[in-house]
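Asker: Sending over a structure as structure tokens; questions will come in a sec.
The values are calculated or read from the model by the stated rules, or taken from the named source; none is laboratory data. Keep in mind that what you see is a predicted model, and the values were worked out from it rather than measured. Note: ideal-geometry Cβ built from the backbone for every residue, glycine included; neighbour counts use all protein chains shown. Side chains are part of the model used for accessible areas, which takes the heavy atoms of the whole protein and leaves out ligands, DNA and RNA. Shrake-Rupley method; radii C 1.70, N 1.55, O 1.52, S 1.80 Å.
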Amino acid sequence: KTSPKQRAKQIADWADDNLDIMVATSAFGVGMDKNNVRSVLHVAVPENIDRLYQESGRGGRDGFASVAQIIYRPDQIALARRLNRDNLIGAKKGFLRWQKMHMNRESEGNGRFSVYLATKHDSIKIDSRANIAWNWRTLLLLQRAGFLSLHFSAPNLEQFASNQQNEDAVDRYFKHYFSHIQIELHRDGHLDTQVWNGTLRQLRSKELQTRQKGFMVLEEWLNHQDKPLCSVLEKFYTLDGYAPELACGGCPGC
């Protein structure tokens, strides 16, 4: 519930090492890369093993040791199971959302445009955080399918260097900045209903099966934490007989 201006300041302070601890939701800092995070504390159960691995991966990106710990209640496992199943956008609703976002796009130059993350298609009448979340899921599905890429451009703070800029202008800028995302298209067919009912529907079905497997692996490990997580990850990420290389420096679990 922080204001866009306050959030921008907190992110800047955190990136500049002026803050020791950042408390945030799992969606915090999308697209950000801070290399010297020494610890990550999960206070809920992620939706699947991919999410646990990705969130833990915010730590130790400089190559030095880091630690990730998870603290949870048993009832959070059921919540994670539901979130894992419910947070993939369907082809029909996804098409309506993307069609409306694309229709109201704003040109950004360099072959890119931005879309309003709170865009509502004709069947939605009320603004809500859930609507924004489903728009995000629509964009991420299109990105995973290779139709577009999302760009998280740094805010242009030079225009506010002058003291002549008033507070309202700064607030308006950051309100727009945090409510839009820049997009670059790579393929045609993104507005074709046959593509959504074919290619994107198949992708969603495959991803749903993978996520279900990812949750089952996570749940099994949470119930048997005497088994080193690295061996669980190695097995889960083995593809066509090729296992990932063990790259960590070792931990007590090994």
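Asker: Write down the accessible area per residue of the stretch 1-113 in Å², having rolled a 1.4 Å probe over the full set of protein chains. Don't jump to the answer; show the numbers that get you there.
Answerer: Details: 7220 Å² over 113 residues.
Computed with neighbouring chains in place, this is 64 Å² per residue.
Asker: What does the C-alpha gyration tensor say about the overall shape of the chain? Classify as rounded when a/c is under 1.5, otherwise prolate if a/b is larger than b/c, or oblate.
Answerer: Details: a/c = 1.91, a/b = 1.22, b/c = 1.57.
Oblate.
Asker: Could you give me the radius of gyration and the Dmax of the stretch 1-84, taking only the C-alpha atoms into account and expressing both in angstrom?
Answerer: For the stretch 1-84, the Cα-based Rg and Dmax read 13.9, 38 Å.
Asker: Counting DSSP beta bridges in the chain, what percent are antiparallel, to the nearest 5? It would help to have the intermediate numbers written out before the result.
Answerer: Numbers: 12 of 16 bridges.
Restricted to the chain, the bridges split so that about 75 percent are antiparallel.
Asker: Given a 1.4 Å probe and the protein chains all in place, what does the accessible area of residue 124 round to, in Å² to the nearest 10?
Answerer: Here the residue's solvent-accessible area equals roughly 40 Å².
Asker: Moving on to the next point. Can you tally the net charge around residue 119? Count Lys and Arg as +1, Asp and Glu as -1, for every other residue whose Cβ sits under 9 Å from the Cβ of residue 119. Show your work: numbers first, answer last.
Answerer: On the way: positive: 97, 100, 120; negative: none.
Result for the local shell: +3.
Asker: Something else now. How much mean residue ellipticity at 222 nm does the chain get from its helices, if each DSSP H run of length 4 or more adds -39500 (n - 2.57) and you divide by all residues, to the nearest 500 deg cm²/dmol?
Answerer: Values: 8 runs with 105 residues, N = 254.
Calculated from helices alone, the mean residue ellipticity at 222 nm is -13000 deg cm²/dmol.
Asker: Work through the residues other than residue 106 whose Cβ is under 15 Å from its Cβ and net out their charges, Lys, Arg +1 and Asp, Glu -1. Intermediate values should be presented prior to the final figure.
Answerer: On the way: positive: 100, 105, 112, 172, 175; negative: 108, 184.
That works out to +3.
Asker: While we're here: Taking every alpha carbon pair in the stretch 179-254, what does the distance histogram look like in 10 angstrom bins from 0, in percent?
Answerer: Here the calculated profile for the stretch 179-254 is 14, 28, 25, 22, 11, 0.
Asker: Within a Cβ distance under 14 Å of residue 61, other residues only, what is the Lys/Arg minus Asp/Glu net charge? Present the calculation step by step, with values, prior to reporting the outcome.
Answerer: On the way: positive: 34, 38, 58; negative: 33, 55, 62.
Value of the local net charge: 0.
Asker: Please work out the Cα center distance from the stretch 174-219 to the stretch 1-26, rounded to the nearest Å.
Answerer: Taking the Cα centre of each part, the stretch 174-219 and the stretch 1-26 sit 28 Å apart.
Asker: Still on this model: Over 27 Å, how big is the tail of the calculated P(r) for the stretch 116-254, in percent of all Cα pairs?
Answerer: Working: 4914 of 9591 pairs.
Pairs farther apart than 27 Å: 51 percent.
Asker: Oh, and also: Can you tell me the relative contact order of the chain? Whole percent, Cα pairs under 8 Å, sequence separation 6 or more.
Answerer: Details: 256 pairs, mean separation 49.8, N = 254.
Averaging sequence separation for qualifying contacts and normalising by length gives 20 percent for the chain.
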